[in-house]
Amino acid sequence: MLRRALSWPRRAKRSLVVGIDVLLALLSTWVAYSLRFDALHWPQGGQWWVYLLGPVLAFPIFVRFGLYRAIFRYSGLDAMLAMAKAVALYALLRIVLLWWANWPTFPLTLGVLQPMIFFLLVASSRAVARFWLAGSSVANQRNQGRMLIYGAGAAGVQTSSAMAIGDHSKLLGFIDQDPSKIGHTIDGVPVFSPTQISELVKKLGITDILLAIPSASRERRNKIIQSLRALPVHTRTLPGLSDLTSGRVTVQDFRELDVEDLLGREAVTPQTGLLASSLRDQTILVTGAAGSIGSELCRQILHEQPARLLLLDHNEFGLYSLHRELQSWCLAQGATVELVPVLASVVNRRRLDSLCARYRPDAVYHAAAYKHVPMVECNPSEGIGNNLFGTLNMAQAAQAAGVARFVLVSTDKAVRPTNLMGASKRMAELALQALAAQAAPGSTCFSMVRFGNVLGSSGSVVPMFREQIARGGPLTVTHPEVTRYFMTIPEAAQLVLQAAVMASGGEVFVLEMGEPIRIVDLARRLVELSGLQVRDAQHPDGDIAFSFIGLRPGEKLYEELLIGDNPTPTTHPRIMKAHEDFIAWPELLGHLQQLQQAADAEDESAMRLILRHCVHGFHDQPLSDSEAV
């Protein structure tokens with residue numbers, strides 16, 4: 001019956017509610033008469049007009065106050081207040097009309113009693129409808145969630161209120177460390193201690209835990225998340241504030257844990273004072289602007305209020321989307337930054353020279369590159385053309401235009417590379433080092449920033465693992481011992497921006513990223529925080545299995561950040577720099593010309609031979625376990 005009623009057109013539902021209100025107006029009048037005369041009442045004579053006056057007055061007033069536009073399952077305190085105001089006006093007009101008409105059979109006390117009963121009946125009908133709809137929806141859910149909210153502060157209470165109107169899950173408790181809250185209730189929901197979580201999961205059949213601790217430090221969040229990993233629950237975090245305050249948050253609106261939560265370390269914080277002086281009122285060019293790193297660079301640069309921001313990319317739709325996003329931000333913030341979308345490829349030197357001559361950028365952040373190892377391995381000439389010669393084109397165009405700073409976004413795969421992508425990036429570094437060494441004082445300052453894998457970027461393992469978990473597995477991992485350094489997209493962008501300020505020319509900057517993370521451990525953490533169990537020898541009945549597919553061509557078991565062992569500190573406690581060995585420009589130029597000819601001829605063997613000669617440690621075959629260790 002409920003499903004049939006919910007499928008009615010809006011007009012039919014509204015007519016039903018109006019009909020119920022008419023009956024309640026008549027019923028409240030009968031009850032008021034019966035209570036007033038202490039006997040069951042039957043209207044006589046002019047009393048019929050008193051009965052009819054109720055619905056005649058109530059209908060236009062309720063329409064005016066919007067009571068028939070409300071959606072019952074989402075109605076709350078505001079709807080109740082509107083109803084109270086409507087009935088108060090109804091009562092006033094009813095008393096005035098009946099007094100003016102001087103109905104002899106109408107006692108004045110009835111004018112107060114009938115609206116009170118009418119309000120109680122109408123309010124009760126709305127409440128019954130709301131809980132009936134919500135309760136029936138929950139009953140129809142085959143997999144109803146049973147949840148705890150971790151955090152009984154303002155955010156947790158707001159989340160609880162928003163979820164009260166949802167139809168996907170049931171809130172069974174709050175978790176909080178505050179002794180003054182433990183043992184008490186919030187809106188009828190008990191507050192428990194963190195030490196009781198394991199017991200609650202077993203006793204209450206908890207399936208989800210929602211983190212509502214926005215003010216907690218990263219260290220505390222990491223400890224909490226680590227303590228929840230062993231439990232068979234799906235751990236998620238708060239949605240955006242706009243979703244929370246919309247009043248329609250359900251369990252589907254909660255986000256998976258941020259990628260920062262998967263690092264298990266404190267995020268590197270920026271030194272904002274370093275950035276303002278180098279970016280404010282400047283003309284900044286970002287290449288690869290539509291990519292993961294490039295787009296975050298643009299967002300962070302925009303916060304520093306440059307005069308002009310040039311967005312260069314050869315991905316038309318990506319550039320269009322980024323330009324629209326940044327325009328919207330500028331409009332909302334009242335920023336006057338000139339945004340210039342530049343549809344171009346860095347392999348086109350003529351276009352780059354024209355661009356630099358026209359806009360005279362003060363700084364170039366070069367993030368344009370092909371980064372996926374297997375893709376470049378299959379297309380070596382394109383990888384070398386874009387990653388090496390595209391970088392050289394941009395650097396020489398910047399130098400010719402008198403650009404003050406040029407920063408190359410590089411990768412840890414450039415250190416003793418085992419693949420063409422890493423070798424092409426190391427060759428790009430060598431080219432910049434050679435240009436920096438022969439540069440005249442006061443000319444373009446070239447520097448490089450090298451970091452590990454970026455969590456959440458396009459093609460990173462985390463989105464892939466989440467997709468595989470959603471499909472029920474298996475999770476594909478290349479090797480059980482493969483490790484990588486990881487950082488977040490904002491961290492990577494901050495490192496690039498701050499390195500430009502610290503550079504004097506030719507340095508390689510790296511982030512102190514802590515210990516590398518085993519990919520299999522990252523995957524296991526994702527599975528466990530999804531409330532599932534890894535299927536292995538200890539748990540043959542687990543939910544998600546791992547499939548080890550072997551190292552791909554050019555892939556290493558581990559990555560390094562430095563070629564040498566001589567890093568020196570900088571003004572930032574988590575950023576180091578190194579001056580690494582390079583090839584002088586006159587000698588390097590000959591190798592570059594030979595490499596260009598080999599790439600033009602699609603001669604892969606010649607390309608690999610030149611790269612092996614120039615790039616220290618380049619081993620262009622997959623490493624065996626014994627070689628890697």
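What separates the Cα centres of segment 298-354 and segment 475-541 is a distance of 29 Å.
Taking 0.36 nm per residue of separation and subtracting the Cα-Cα distance, full extension of the segment from TRP100 to GLN226 would add 38.0 nm. For segment 274-627, the spread of Cα positions along the three principal axes, ordered from largest to smallest, is 64, 52, 40 Å.
Model label sites at HIS303 and GLN177, defined 7 Å from Cα along the beta-carbon direction, differ in position by 2.6 nm. Working ranking of peptides 381-388, 396-403, 322-329 by packing, defined as the average number of other Cβ atoms within 10 Å per residue, highest first, is 381-388, 396-403, 322-329.
Rounded to 0.05, the FRET efficiency of the ASP353 and ARG280 pair, given R0 = 35 Å and the Cβ-Cβ distance, is 0.85. Residues of segment 592-619 with an amide N closer than 17 Å to a point placed 7 Å from the Cα of GLU382 along the Cα-to-Cβ direction: 599-604.
Multiply the residue gap between GLU199 and PHE317 by 0.36 nm, knock off their C-alpha separation, and tell me the result in nm, one decimal place. Display every interim value, and only then the final one.
Values: separation 118, 0.36 × 118 = 42.48 nm, distance 5.09 nm.
Extending this stretch completely gives an extra 37.4 nm.
Summing charges over all other residues whose Cβ lies under 11 Å from the Cβ of ALA397, with Lys and Arg as +1 and Asp and Glu as -1, gives +2.
Spin-label model, ALA216 to LEU16: label points 7 Å out along the Cα-to-beta-carbon direction sit 4.3 nm apart.
Straight-line cross-link reach from LYS85 at under 29 Å between alpha-carbon atoms covers these lysines, not counting any fewer than eight positions away in the same chain: LYS13. Once the Cα-Cα distance is subtracted from the 0.36 nm per residue extended length, the MET375 to VAL340 segment shows a gain of 9.6 nm. Can you return the lysines within cross-link range of LYS203? Criterion is Cα-Cα under 23 Å, with same-chain partners fewer than 8 residues away left out. List returned: LYS170, LYS181. Ordered by the number of other Cβ atoms lying within 10 Å of each residue's own Cβ, fewest first, VAL189, VAL56 fall into the sequence VAL56, VAL189.
With each label modelled as a point 7 angstrom along the Cα→C-beta vector, the SER124-TRP42 pair spans 2.5 nm.
Bear in mind these aren't lab numbers, they're just calculated from the coordinates by the rules spelled out. In this text the structure is predicted, and so the values were computed from the model without any measurement. Quick reminder, even Gly has a Cβ in these numbers, built from the backbone with ideal geometry, and neighbours come from all protein chains shown.
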